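For reference, the structure discussed in these notes is given below.
What follows is calculated from the coordinates using simple rules that are stated; it is not laboratory data. All of these numbers come straight from a predicted model, not from anything done at the bench. In this analysis, Cβ positions are derived from the backbone assuming ideal geometry, glycine residues included, and neighbour counts consider all displayed protein chains.
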Amino acid sequence: MARLARVGCFTLEATDGAARAGVIHTAHGAIRTPAFMPVGTKGTVKTLLPDEVRSVGADVILGNTYHLHLRPGEDVIEEVGGLHAFTGWGGPILTDSGGFQVFSLRDTLARVDDEGVTFRSVYDGSTERLTPESVAEIQRRLGSDIAMCLDICPPANVSVREHEEAVRRTQLWAERQVDAPRAPGQLRFGIAQGGTHTELRTRSIEGIVGLPFEGFALGGLAVGESRSRMLETVAWAAPALPVDRPRYFMGLGDAEGILEVIARGVDMFDCVLPTRTARTGSALTALGRLNLRNARFARDPRPLEPGCACTACGFSRAFVRHLVNQQELLGLRLLTLHNLWFTLRLTAGARDAIIGGTFEAYRADALAALAAGPEEEIWPP
């Protein structure tokens with residue numbers, strides 16, 4: 001286990017193999033890493049109050065530039081004091097660029113050129129235009145703590161030529177954003193693309209890390225490629241990023257994936273999976289996923305996860321199932337609280353294990369428990 005000193009906005013506290021534990025210092029507080037970021041697409045983590053999100057262990061939340069720009073607009077948010085005042089969340093906020101939404105909604109794309117991207121709004125079909133400069137300005141007015149660059153994120157199955165073009169334009173746009181005006185204390189992260197193509201991703205990483213960003217992200221992964229190819233890419237790509245700045249894997253939130261990318265040197269990750277899974281009536285546990293709509297839980301007196309200290313686990317599975325099946329909002333809230341608690345406890349446990357030099361044992365035990373599930377198959381005893 002190595003202990004290292006603070007450089008810039010990031011303190012790297014400990015390493016255990018490739019796994020890292022540190023702190024990102026922002027204008028609205030510290031982010032302990034490894035860090036899972038709950039997604040607050042439109043300024044809210046769905047169904048929860050800001051204090052509840054903090055209570056389950058979140059240091060930072062993610063806001064979506066695409067959606068906040070379209071509804072209610074950065075002018076409204078800026079007028080009422082910025083994103084923190086607008087949402088009631090006093091801690092760090094990361095805003096993505098909106099690029100993923102634009103390029104994942106490919107049927108709304110009208111034109112992509114070196115200047116930016118034109119698309120139709122998912123709300124009213126109106127024509128919208130994003131450029132590297134406009135995305136930086138939107139995020140400046142939102143006042144987020146970490147602002148992501150506009151990039152091109154193609155799905156895994158596009159041609160090599162399309163991946164190559166994504167790398168070229170992502171670099172071109174990054175060069176135009178790195179020195180764009182920022183909110184006070186705002187950090188800006190660059191993004192490397194290239195899919196699982198070694199030469200293209202290497203080219204992208206070399207170009208992006210040559211720019212003075214405060215952190216770097218691996219984009220264009222977990223977008224349709226196999227898990228094995230994704231992890232193989234992360235294993236060499238994450239260590240290729242600067243050791244003294246945060247490393248962010250965009251769009252990952254399952255327990256296995258979190259543990260595996262931490263093991264390969266990633267510091268931050270986000271995903272809608274814990275909250276979206278809750279809204280489908282399922283709980284995440286150390287032994288796998290429980291579908292509370294299943295009839296086997298109708299008389300189950302146990303909590304969602306025995307030994308869990310979250311608010312939801314003060315109630316029985318039978319009650320939570322009843323709420324879910326009756327479409328009671330409390331059921332969705334309880335499952336959201338539990339799923340975030342589980343994900344954030346898993347991540348915090350990984351951090352503690354890295355600092356203690358026991359991460360490999362922690363990871364192996366957690367993965368073995370997940371592989372042994374699902375727990376629902378063993379009730380009643």
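Express the Stokes-Einstein translational diffusion coefficient of segment 84-133 in µm² s⁻¹, to the nearest whole number, given a Kirkwood radius over alpha-carbon pairs, 10 °C and a viscosity of 1.306 mPa s.
Values: Rh = 12.5 Å.
For the chosen part, D equals 127 µm²/s.
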### Task
Return the label of the correct value of Cα Rg over 2.2 N^0.38 Å, as calculated from the structure shown, out of (i) 0.98; (ii) 1.04; (iii) 0.94.
(i)
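Suppose every K and R has +1 on its Cβ and every D and E has -1 on its Cβ; what is the size of the dipole of the chain about the Cα centre, in Debye to the nearest 20? Don't skip to the end; give the middle numbers.
Details: 40 positive and 45 negative charges, 159 e Å.
The dipole magnitude comes to about 760 debye.
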### Task
Work out, step by step, the length gained on full extension between LEU105 and GLU52: first 0.36 nm times the residue separation, then minus their alpha carbon distance; give nm to one decimal.
15.9 nm
### Query
According to the square roots a ≥ b ≥ c of the eigenvalues of the Cα gyration tensor, what is the shape class of segment 93-197, taking rounded for a/c under 1.5, prolate for a/b larger than b/c otherwise, and oblate for the remainder?
oblate
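Per DSSP helix of 4 or more residues, -39500 (n - 2.57); summed, then divided by the residues of the chain. What does that give at 222 nm, rounded to the nearest 500? List each step's numbers first, then the result.
Working: 14 runs with 147 residues, N = 381.
Taken over the chain, the calculation gives -11500 deg cm²/dmol.
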### Message
Once you order the gyration tensor axes a ≥ b ≥ c over the Cα atoms, which shape class does segment 11-164 get: rounded for a/c under 1.5, otherwise prolate or oblate by comparing a/b with b/c?
### Response
oblate
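So, R0 is 41 Å and r is the distance between the beta-carbons of GLU360 and ARG161; what FRET efficiency does that work out to, to 0.05?
On the way: r = 40 Å, r/R0 = 0.98.
After rounding, the FRET efficiency stands at 0.55.
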### Query
How large is Rg/Rh for segment 264-373, to two decimals, with Cα atoms and a Kirkwood Rh?
1.01
### Query
For the chain, with the dipole built from +1 on Lys and Arg beta-carbon atoms and -1 on Asp and Glu ones, taken about the Cα centre, which of LEU259, ASN339, CYS308 lies farthest toward the positive end?
CYS308
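So what is the diffusion coefficient of segment 143-236 in µm² per second by Stokes-Einstein at 20 °C and 1.002 mPa s, using a Kirkwood Rh over Cα pairs?
Values: Rh = 13.5 Å.
Answer from the Stokes-Einstein relation: 158 µm²/s.
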#### Entry: Cα long-axis angle, helix 160-177 against the chain (0 to 90 degrees, to the nearest 10)
70
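Find out how many positive minus negative residues lie around THR33, taking Lys and Arg as positive, Asp and Glu as negative, among other residues whose Cβ is under 11 Å from that of THR33. Spell out each step's value before the answer.
Details: positive: ARG20, ARG32, ARG247, ARG351; negative: GLU13, ASP59, ASP267.
Within the 11 Å Cβ shell, the charges total +1.
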### Query
How large is the charge dipole for segment 147-213, taken about the Cα centre, if only the Cβ atoms of Lys, Arg (+1) and Asp, Glu (-1) carry charge, to the nearest 20 debye?
140
### Query
For labels at VAL209 and LEU367 in the simple 7 Å Cα→Cβ model, what's the distance in nm?
2.4
### Query
Hey, in the chain, which Cys have no second cysteine's beta-carbon closer than 4.7 Å?
CYS9, CYS149, CYS153, CYS271, CYS310
### DSSP-assigned coil residues among trypsin sites (Lys or Arg not before Pro) in segment 253-333, each with at most 13 further Cβ atoms within 10 Å
ARG293, ARG299
### Check: segment 63-175 dipole with +1 on Lys, Arg Cβ and -1 on Asp, Glu Cβ, in debye
260
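What does the net charge come to around ASP96 if you take all other residues with beta carbon closer than 10 Å to its beta carbon, with K and R at +1 and D and E at -1?
-2
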### Task
Towards the positive end of the charge dipole of the chain, with charges on Cβ (+1 Lys, Arg; -1 Asp, Glu), say which of ALA235, ALA369, VAL135 has the farthest Cα.
ALA369
